[in-house]
Structure formats: structure tokens, C-alpha cells
1. Mind listing just one residue for me: the one in the range A:95-128 that is at the interface with another protein chain (Cβ under 10 Å from one of its Cβ atoms) and among the charged types (D, E, K, R) and, of those, least open to solvent (accessible area, probe 1.4 Å)?
2. Taking the condition under 30 Å from A:V110 (Cα atoms), surrounded by fewer than 18 Cβ atoms within 10 Å (Cβ to Cβ) and modelled with pLDDT of 85 or more, does B:A75 pass?
3. Tell me the helices (runs of 4 or more DSSP H) entirely within the range B:51-126 that contain at least 3 residues that are in contact (Cβ under 8 Å) with a residue 24 or more places away in the chain and away from chain A (no Cβ under 11 Å).
4. Check A:T180 against each of (1) at pLDDT 90 or above; (2) open to solvent by 40 Å² or more (accessible area, probe 1.4 Å); (3) of a type in the set (S, T, N, Q) and name the one condition it does not meet.
5. Every residue in the range A:69-98 that is small (G, A, S) and either closer than 22 Å to A:Y239 by Cα or part of a strand (DSSP E or B) (or both), please.
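The values are calculated or read from the model by the stated rules, or taken from the named source; none is laboratory data. For clarity, every value in this text was computed on a predicted model and none was experimentally measured. All Cβ positions, glycine included, derive from the backbone under ideal geometry; neighbour counts span all protein chains shown. Just so you know, the surface numbers come from the protein's heavy atoms only, side chains and all, with ligands and any DNA or RNA stripped out. Shrake-Rupley method; radii C 1.70, N 1.55, O 1.52, S 1.80 Å.
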Amino acid sequence: MKTSRRDFLKQAGWTILGSGLLGTVVQLPVRSARAASGSSEHLYGYIVDTTKCIGCGLCAGACRKENRVPEECYRTWIEHYTIYLDGQVEVESPQGGENSFAPTEAKGKVDRSFFVPKLCNHCKEPNCVQVCPVGATYVSREGMVLVDQKQCVGCAYCIQACPYSARFMNPVLHVADKCTWCYHRVLKGLKPACVTVCPVGARQFGRLDDPGSPVGRLIKEARLQVLKPEMGNEPMVFYNGLDKEVR
Amino acid sequence: MLNQISHILKAIGLLLLGAVGFFILRSFIVPDSFGVQHSYIYGYYREASDGELAAQPTIYQGSEACLGCHAVAAATWKEGKHAGVPCESCHGTCRAGRNEAGQKPVSDSSVAACMKCHAALRGRPVGIHQVAALDPHVQEKVKWGCQVGSLVAVDNRKSVKEKGDIFAQGLRCVLCHDAHHPLLRLKEFAMQKAERERLQRQGTDNATLSNGEKP
């Protein structure tokens, strides 16, 4: 078959026109869906005051009961840091700190020591959501990073992707599991279980845009830090009194 | 020539028809909220999962929920130094007398229960009063407690060193400290002590009068 230049140009024109039209049609429903449900807003913030934490471990215990977390798994845990004068850093978290800490002998001259409670940071830019191959982990309208346990296939990519080791494989359900900031409580106007039982107010939770809540106030007044800011995940858990040795 | 164009048109028409069919089907099957753009990533999102997670029952209720049924305990608690400590920190949950496992709520008055928060730990902030059971400071306090109160059956004629760890021997913190108002009974002790001293003074005054000599 011989094609003249004229015919070739004509055909090329049609093809370009056709694919352009197709592209528009493809985009339309996606765009409208996006417009309809809007993006998720990060309404809530969580503040951990390491200068107040006494390491009693009640938060980890309450979390286990509230969310029926399987034994030896932790949605939240407490790390006990000891930094020696020679620069050595010791971190311990026996049973996630759930049963508090035994008074241990220091291994040298102690420079400083403190407790750091940890939990899912509910990041603005969550790696875990990005890597999920089946769309089972997502950001809710309120900004919580959640796992759809029916959709999850248990590939554990998200567990590897989390820079904070906040996720674990649920040994009963064989799906990814993590802190939800007690999503079920927050929707009912309650605080997360860990915040509810903290005897010293080291854990605070509330709306970021409410200047009346401790979180709304502290976020403006206290100079807070986040864990691993260099990862670019923009965590929504803020720490007061975070030492540079904390990772 | 014309023949060729009609072939192409047919192909494009078919493609378009297929595409339209696909999108009509898709709009029915895929929920609106799936694939919401979230900055540089797709925030995959299944709305029903929200509901499933939200339907999880709540267990912890906060201290306000306890006040109605345990008015006496709550009234004492409100007055004391433990007012900032939520009921559920010490007791776990209770709904009409049963906890989440269907058992009676825990009321742990052991030394270990107090030491969870009050043990002297490295790095524990000084804002919370800390005790070490064998700390002479505490032993001193306890001796004082024994002297002022009549409640504690500790032999306080022996020195702290001879007594050893009195807490290991079964003495509990709640003997001197009310769990809900930790300084309550101490106040009573102090009042008792003052009263006893007053009586003693009166007694000696009387003794001086009747015997004519100093005791």
C-alpha cells in the first residue's frame, strides 16, 4: 500500500484529535469525583510533652484494652532514653513500657535521661499510603491515616515504608495494624484512650484550629518539634522537649 | 481513499463507544471517594471503612462518667492531690460494676500499683513526688507516720536499718495514704498527734499538780 503525504497527514490528524478527545473523556469523571469529595483535611493534632512523661505505661495498657491490640504488639509505646556523659545513648522499652520501668542501675555517669512516648504520627504526606498496592490504607476526611482491614492483603510494604516503625502485622488478622488516634472515640467527641488515662497530661489531643483546646493553644505558643523532620512526612504528632538524640 | 477513512472512523467510533461504556460502568462500580488526589499521591479511600472503624465500641469513658455512681469516692478524689489522675488510670474501666472483660473493676492497693507512678526512676520528672522504698528519706517519713498515727503496726522502737524493707514485709502505702486523697489521713494523723501532745501536756500539768514534782 502506498500512502501519499497528504493521506498520512490526514490520518495523523485524526489520530491526534481522537486521542485528545479520549483523554478529555477519561479525565472528566475523575475530576468530578475529586471535586465532589474534596481532599482530606488535617483537623487534629497530638502533642506529647516529654518533660512531663513519667513512664508509668498506663497509656500503652489502655490502648491495648481499648483497641484489643494483640499481646506483644504495640500501637503506642514508651522509650526510656539515657544519655551518658561519654555520649553513649541507651534506649530501652521493655514490653513497650506497658508495665512501667524497673529502676535499673546506670552504666556510667548519666548526662540526661527522659521518657519518650511514641505512636503513629498521622503524617500529612504518609509514605505508607503511597506504597500500598491495593489502596487499603488511606487518609480519612479528618486527616487520620487508617487501614481498611478488609482491603488489606498483608504485604507489609507499609510497615517497611513507615520511618517511625509505627505499624505492625496483626498476628490474628494477618493485616497491617496501627494507631488510629482512636478514630471511633474522636468521632464521638472523646479523647483517644491514651490521652484519657495519662495521669500527668503528657499527652494532649485536639483540633488544631480551636484556640480554646490545649492543642490549638500549644501549637502556637510552645515551640514544638516533630520526629525525623528530614523525612518530609510532615508528622501531626508534635513533641515538646525533644532531645536531639531521639530518633 | 474514502474507504480507508471510513475504516479509521469505524475504529475510532468503536474505541469511543468502548470508552463511554467503560466510564458508565466505572461510575457505578467505583465509589466517589476512591482515588481522591492528596498532594502528590492518591489518597485511596473506601468510605465504608470509615464507618466500620467508627463503629468500634468505646471502652474508656473518662472520669466524669464515674462521678454519678461513685459519688463518695469521687468527692474525696476531687479534694486531694490525685484529682489530676483520672479514675481509669488506677481502676481501668467500669460500667455498672463490670469492666470490659465482664469482671469486677480492679482496685489494686499494692505497693507496686503506687510505685508505677511514684517509684524513683532515672529520668522521671521531678514534678511528681518519687519514693524509693528503701530510701532513708521515705523510711524517715514512714517512721514519722507511725509515730503520729495509731493505724500502722510497725515496731518503731527499732531503727530503720534493723527493720529492713518494711514494704517487703507487707506494709502497704494505703495504710497511711488514702488512695483518692493521699494526704487526707496524714492530716488526721497530724491532728491526732497534736491532740495527743495537748492531752500529754495537760496530763503532765495535772501530774505536777497532784504529786508536787516534775515528771
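1. Of everything passing the filter in the range A:95-128, A:E125 is least open to solvent (accessible area, probe 1.4 Å).
2. no
3. On the way: elements: B:64-67, B:71-79, B:87-91, B:111-118.
In the range B:51-126, B:71-79 are the helices (runs of 4 or more DSSP H) which contain 3 or more residues that are in contact (Cβ under 8 Å) with a residue 24 or more places away in the chain and away from chain A (no Cβ under 11 Å).
4. Failing condition for A:T180: (2).
5. Within the range A:69-98, A:S93, A:G96, A:G97 meet the criteria.
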